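Visitor: Can you read through this structure? Questions will come right after.
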Amino acid sequence: MTIYYVNSATGANTNAGTSEDAPFASFSAVESLKLQPGDSVLLAAGSVFNDQLDLKYSGTVDAPITIGSYGIGDAPVIHSPNDGIHSLYASNIVIENIAISDTSGAAIYAGYVSNWTVRNVEVDHTGLSKSGSITFRTGSNITIENSTINDVNGDGIWIEKINGVTLLNNTVTNAHGTAADAVQLNDSKNIVISGNTFDQTGAVTPKGVLTLVRPVDAVIEGNTIIGGGFGISAQAGTNVTIHDNDISGYGGYSWSYAIGLGDQGDTRNYDISGNYIHDGVWGVSVSAAGTMTYVRDGIDIYGNLFDDLTQAALKVDRPASGSFHDNFIASDVTPYSISPSIIAAGTFPVSDNTTIEEGGVTLASADSLAATDASINLVSDTGLTSHDGLKLSADKTASDKAGAQHDDPVGENGVSDGTLLLRHFGQAAFEKHGPTLGNGDHGVTIEAADLVGPENGSGIFHQEIAAQPFHHSQADAPTVSILQDGMLH
């Protein structure tokens, strides 16, 4: 396990390269080596390399080959008339703590590889003559984490035919081009995309933000997704979970959506929950551009918050089976647009959604709400004895309520002590298994700060659950009111 040092300012390719005092000067010296498992190639801080680094040899799972940096100062930068780092058939590689910019091709291009990790890498202004930023084609176990990608031509991240994709805590901004997305994954499986910020608001003619083409076993959670013609496109796939994302600012087309599925192939088993969808066109769109016959089955949409949309929170205009329930919909948003034939078939029922009406109470922010102890109460109408299984009670025991919690590692979005926490807007937004309400007013409290989320918002004032098809009448609608400073509004 040898460490090789490369310094473009003080090095020489005639040096041994094995100490900071005798570093190599350029990548050609590194490429003449037969790197072994566990070897590291460290680039000096402040160095600039105007060439492509070719990686030809593989490490092992326990002893990967690492490309990193040493010294104090700015991250070493790779410029290149080709790709920044290029590799075929080399596996078990770690790329970390470097910068890549002003490349004609991709920042990193690797094909037929496995077990690559890219971490703490800064990518800027790449793909100048051919599209590309970070690209992986055919292989397994690719991780990109804690990296930034900005101002690139083509997709910010392009991944194709990879089994095992993990994207964690990255920031991708401004991937330019009519065919460009911040991230596109094609024909890949075992996918986790979590904690990232993808922002296309400054991109020139972008296509969208996050595109998954035929994903299998994918989890997309806790991301901030902004801009583009659409937020998340997962048009055809199997076992896809999309939850706890903040999706906003998408538009430009009559069909623009926060989450779209149902086109380009069969769609099976989608869990779409806990997302904050706002400032766009359509919310969740189950649709297709053509007349191809696809399966759209097992689409469960619940616990989401929809606000400031110019079209409906839900669009279903192709045959599909699923449900749209327990969501929160601002009063200025149309709840749903469903084809009459689908309504008649009863394959996509709508139930138990709450309308949140804009009103006179101003909610400055989540923090200020917490400070002033404002909350929202769900209060049943007098005489209500049942509501299609929606049962609210202030005297439920904590142990009963704990059983209804959404799967949350810190347990903060379930129900406890009569307070409903909608921290992730999950399926436990309402306690659905308690005793039936009796006569009189009963209620539980929803923390207003958690409901509104991190964005500043206009007030929520005396809301009512809108009547929904198949289930409810106007007479059975619980109301939602603001309780602020001890006064019920």
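The values are calculated or read from the model by the stated rules, or taken from the named source; none is laboratory data. Quantities reported herein were computed from a predicted structural model and do not represent experimental measurements. In this analysis, Cβ positions are derived from the backbone assuming ideal geometry, glycine residues included, and neighbour counts consider all displayed protein chains. Protein only, heavy atoms only, side chains kept; ligands, DNA and RNA dropped before computing areas. Shrake-Rupley method; radii C 1.70, N 1.55, O 1.52, S 1.80 Å.
Visitor: Going through segment 100-120 one residue at a time, which ones are part of a strand (DSSP E or B) and open to solvent by 10 Å² or more (accessible area, probe 1.4 Å)?
Guide: Across segment 100-120, the qualifying residues are 101, 102, 109, 112, 114, 115, 117, 119.
Visitor: Let me spell it out: the conditions are (1) open to solvent by 20 Å² or more (accessible area, probe 1.4 Å); (2) part of a strand (DSSP E or B); (3) at pLDDT 95 or above, and residue 362 meets all of them except one. Which number is the exception?
Guide: Single failed check for residue 362: (3).
A quick yes/no check of all residues on (1) open to solvent by less than 10 Å² (accessible area, probe 1.4 Å); (2) more than 22 Å from the chain's Cα centre (by Cα):
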site: 292; (1), (2): no, yes
site: 298; (1), (2): no, no
site: 303; (1), (2): yes, no
site: 308; (1), (2): no, no
site: 317; (1), (2): no, yes
site: 322; (1), (2): no, no
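Visitor: Then there is this: Does any residue in segment 102-113 that is under 15 Å from residue 162 (Cβ atoms) come within less than 8 Å, Cβ to Cβ, of a residue that is acidic (Asp, Glu) and not in a strand (DSSP E or B) six or more places away or on a different chain, and which pairs are these?
Guide: Final answer for the pair search is 108/83; 109/83.
Visitor: What do you reckon, is residue 312 modelled with pLDDT of 95 or more, touching a strand residue (DSSP E or B) at 6+ places or on another chain (Cβ under 7 Å) and aliphatic (A, V, I, L, M)? Break it down stepwise before answering.
Guide: On the way: modelled with pLDDT of 95 or more: yes; touching a strand residue (DSSP E or B) at 6+ places or on another chain (Cβ under 7 Å): yes; aliphatic (A, V, I, L, M): yes.
Yes: the conditions hold for residue 312.
Visitor: I need a count of the residues in segment 121-144 that are at negative phi, open to solvent by less than 20 Å² (accessible area, probe 1.4 Å) and small (Gly, Ala, Ser).
Guide: 1
Visitor: Can I ask one more? I'd like the full set of residues that are of a type in the set (Gly, Ala, Ser) and either open to solvent by 50 Å² or more (accessible area, probe 1.4 Å) or touching a strand residue (DSSP E or B) at 6+ places or on another chain (Cβ under 6 Å) (or both), limited to segment 340-359.
Guide: In the first step, residues of segment 340-359 are kept if they are of a type in the set (Gly, Ala, Ser); the result is 341, 344-346, 351, 359.
The answer is 341, 344, 345, 351, 359.
Visitor: Report the residue count in segment 266-277 for those that are open to solvent by less than 10 Å² (accessible area, probe 1.4 Å) and not hydrophobic (A, V, I, L, M, F, W, C). Please lay out each step first, then the result.
Guide: Filtering segment 266-277 for residues open to solvent by less than 10 Å² (accessible area, probe 1.4 Å) gives 267, 270, 272-275, 277.
Narrowing further to those that are not hydrophobic (A, V, I, L, M, F, W, C): 267, 270, 273-275.
Matching residues across segment 266-277 total 5.
Visitor: Can you go through 174, 190 and tell me which one is outside any loop (DSSP other than H, G, I, E, B) and within 27 Å of residue 77 (Cα to Cα)?
Guide: Values: 190 fails: within 27 Å of residue 77 (Cα to Cα).
From the options 174, 190, the qualifying one is 174.
Visitor: Continuing with the same structure: Among residues belonging to segment 145-159 that are of a type in the set (D, E, K, R) and under 24 Å from residue 204 (Cβ atoms), point out the one that is surrounded by the most Cβ atoms within 10 Å (Cβ to Cβ).
Guide: To start, the set of residues in segment 145-159 that are of a type in the set (D, E, K, R) comprises 145, 151, 155.
Checking which are under 24 Å from residue 204 (Cβ atoms) leaves us with 151, 155.
Values: 151: 19, 155: 28.
Once the filter is applied, the top-ranked residue is 155.
Visitor: May I pose another question? Going through 288, 374, 370 one at a time, which residue ends up being open to solvent by 20 Å² or more (accessible area, probe 1.4 Å), at pLDDT below 95 and hydrophobic (A, V, I, L, M, F, W, C)? Steps first, answer last, please.
Guide: Values: 288 fails: open to solvent by 20 Å² or more (accessible area, probe 1.4 Å); 374 fails: open to solvent by 20 Å² or more (accessible area, probe 1.4 Å).
The match here is 370.
Visitor: Spot the failing condition for residue 138; the list is (1) closer than 21 Å to residue 35 by Cβ; (2) of a type outside the set (Lys, Arg); (3) out of contact with any helix residue (DSSP H, G or I) (no Cβ under 6 Å at 6 or more places or on another chain), and only one is missed.
Guide: Against the list (1) closer than 21 Å to residue 35 by Cβ; (2) of a type outside the set (Lys, Arg); (3) out of contact with any helix residue (DSSP H, G or I) (no Cβ under 6 Å at 6 or more places or on another chain), residue 138 comes up short only on (1).
Visitor: Next question. Kindly establish whether residue 41 is in a helix (DSSP H, G or I) and within 29 Å of residue 136 (Cβ to Cβ). Can you show your working first?
Guide: On the way: in a helix (DSSP H, G or I): no; within 29 Å of residue 136 (Cβ to Cβ): yes.
No, not satisfied.
Visitor: Pairs under 6 Å by beta carbon, first residue closer than 24 Å to residue 62 by Cα in segment 1-18, partner among the acidic types (Asp, Glu) and open to solvent by less than 30 Å² (accessible area, probe 1.4 Å), six or more apart or different chains?
Guide: Correct list of pairs: 2/39.
Visitor: Another question, then. Check residue 128 against each of (1) at pLDDT 95 or above; (2) closer than 18 Å to residue 175 by Cα and name the one condition it does not meet.
Guide: (1)
Visitor: Looking at segment 81-99, which of the residues that are part of a strand (DSSP E or B) and not aliphatic (A, V, I, L, M) is surrounded by the most Cβ atoms within 10 Å (Cβ to Cβ)? Can you show your working first?
Guide: Initial filter on segment 81-99 (part of a strand (DSSP E or B)): 85-88, 93-96, 99.
Of the ones still in play, those that are also not aliphatic (A, V, I, L, M) are 86-87, 96.
Numbers: 86: 20, 87: 23, 96: 16.
Once the filter is applied, the top-ranked residue is 87.
Visitor: Sticking with this one: Can you name the residue in segment 16-46 that is touching an Asp or Glu at 6+ places or on another chain (Cβ under 9 Å) and of a type outside the set (A, V, I, L, M) and, of all such residues, is surrounded by the fewest Cβ atoms within 10 Å (Cβ to Cβ)?
Guide: Across segment 16-46, the extreme among qualifying residues is 28.
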